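The values are calculated or read from the model by the stated rules, or taken from the named source; none is laboratory data. Bear in mind the structure is a predicted one, so any value in this text is a computation, not a measurement. Here the Cβ is made from the backbone with ideal geometry for all residues, glycine too, and neighbour counts use every protein chain on show. In case anyone asks, the SASA skips ligands and DNA or RNA and just uses the protein heavy atoms, side chains included. Shrake-Rupley method; radii C 1.70, N 1.55, O 1.52, S 1.80 Å.
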Amino acid sequence: MARGGPKLDHGRRQELGQSFQDGGEHYHRVRPGYPAESADWLIPAGARTAADIGAGTGKYTALLVERGLRVSAVDPSSDMLEQLHSSYPAVDTLEGTAEETGLPGSAFDVVTVAQAWHWCDPLLASTEIARILRPGGVLGLVWNQLDTSAPWVHRLSRIMHAGDVHKPHFRPPLGPEFTGLESHLTRWEDPVTTAEIVELAKSRSYYLRANEATRTRVTANLDWYLHEHLGHSDGELLQLPYLTQTWRALRP
């Protein structure tokens, strides 16, 4: 089994994951999408059906729909799924988790988990996803993360408590049902204002679970860093650099 990834016990994983139960509209508005290159590399030729697990408001679902796949989206948050359904009414939505999707067996050519694998139990989720994949199907794990190789972004990520920035040696943990793990990296930039960066920080689990004093401290620190320390003005458009890590593995 591959090693690495955030070390969260089951209780802490559930506690943090619950922070996304509400606020689907805000999440959808402020979180970035994913580069098309990620899906182009990930989706196997001839694929017709896909399940997007931990789909949230449909940020990665959009890439699957655009490529003509018949998509089922699974997420534990009904609020998130309502946002997804309003944007992509043709997508079948179902409340569930990676460990218990509620989807039929051997039904999908590709299963994607974008920005959500760290909330899963990787062994239980691997078993369940292998069950719903057809033989030869592909599991895709995707993360957007701030490109902290830029010094100003590295400090920003610390102020935002952006804990999903992976170490260089990171490999997502998988169960024995999958083989041939390989990865692809996309570098891109998201044009945002300083106000949008603050809203992005407010969409993260650390902020959502924090008390009011901590929230006030985070927003004050961001205001100081962006406007006083870096000297940006309100409404100024910044190019926020991202890395998208896309991983794929095969179900034999």
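What's the extension gain from residue 158 to residue 189 if we count 0.36 nm per residue and subtract their Cα-Cα distance? Provide the component values of the computation, followed by the final result.
Details: separation 31, 0.36 × 31 = 11.16 nm, distance 1.89 nm.
Separation in residues times 0.36 nm, less the Cα-Cα distance, equals 9.3 nm.
Which percent of the accessible area of the chain is formed by carbon and sulfur heavy atoms (probe 1.4 angstrom)?
Working: 5930 of 11800 Å².
Taking all protein chains in place, the chain shows 50 percent carbon and sulfur surface.
Suppose we flag GluC sites (Glu not before Pro) only when DSSP calls them loop and at most 15 other Cβ atoms lie within 10 Å. Which is the longest uninterrupted stretch of the chain?
Numbers: sites that count: 100, 236.
The longest such stretch corresponds to 101-235.
Which whole-percent values make up P(r) of the range 71-147 when all C-alpha to C-alpha distances are grouped in 10 Å steps starting at zero?
Values per bin, smallest distances first: 18, 51, 28, 3.
Could you state the angle between the C-alpha long axis of helix 151-160 and the longest principal axis of the C-alpha atoms of the chain, as a value from 0 to 90 degrees rounded to the nearest 10?
80 degrees
Could you grab the relative contact order for the chain? Cα pairs under 8 Å, six or more apart, rounded to a whole percent.
24 percent
For the chain, what is the calculated [θ] at 222 nm in deg cm²/dmol (nearest 500), taking -39500 (n - 2.57) for each run of four or more DSSP H residues and dividing by its residue count?
Details: 10 runs with 85 residues, N = 252.
When only DSSP H runs of four or more count, the value is -9500 deg cm²/dmol.
By the gyration tensor of its Cα atoms, with a ≥ b ≥ c the square roots of the eigenvalues, what is the shape of the range 184-225: rounded for a/c under 1.5, prolate for a/b over b/c, or oblate? Walk me through the numbers before you get to the answer.
Working: a/c = 3.04, a/b = 1.68, b/c = 1.81.
It is oblate, given that a/c is not under 1.5 and a/b is not larger than b/c.
Which whole number in µm²/s is D for the range 149-213 by Stokes-Einstein, with the Kirkwood Rh taken over Cα pairs at 37 °C and 0.692 mPa s? Intermediate results must be reported in sequence, preceding the final value.
On the way: Rh = 14.8 Å.
Translational D for this selection: 221 µm²/s.
Which value in Å does the Kirkwood hydrodynamic radius of the chain take, with 1/r averaged over all unlike C-alpha pairs and then inverted?
Numbers: mean 1/r = 0.0535 Å⁻¹.
Evaluated on the chain, it is 18.7 Å.
Give me the 1.4 Å probe accessible area per residue for the chain, excluding ligands and nucleic acids, in Å². Walk me through the numbers before you get to the answer.
Details: 11800 Å² over 252 residues.
So the chain comes to 47 Å² accessible per residue, rounded to a whole number.
Using the Karplus curve 6.51 cos²θ - 1.76 cosθ + 1.60 with θ = phi - 60°, what ³J(HN,Hα) values do you get for each residue of the range 228-245, in whole Hz, with x for Gly and Pro?
Couplings: 8, 5, 8, x, 7, 9, 4, x, 5, 8, 10, 9, 8, x, 10, 10, 10, 9 Hz.
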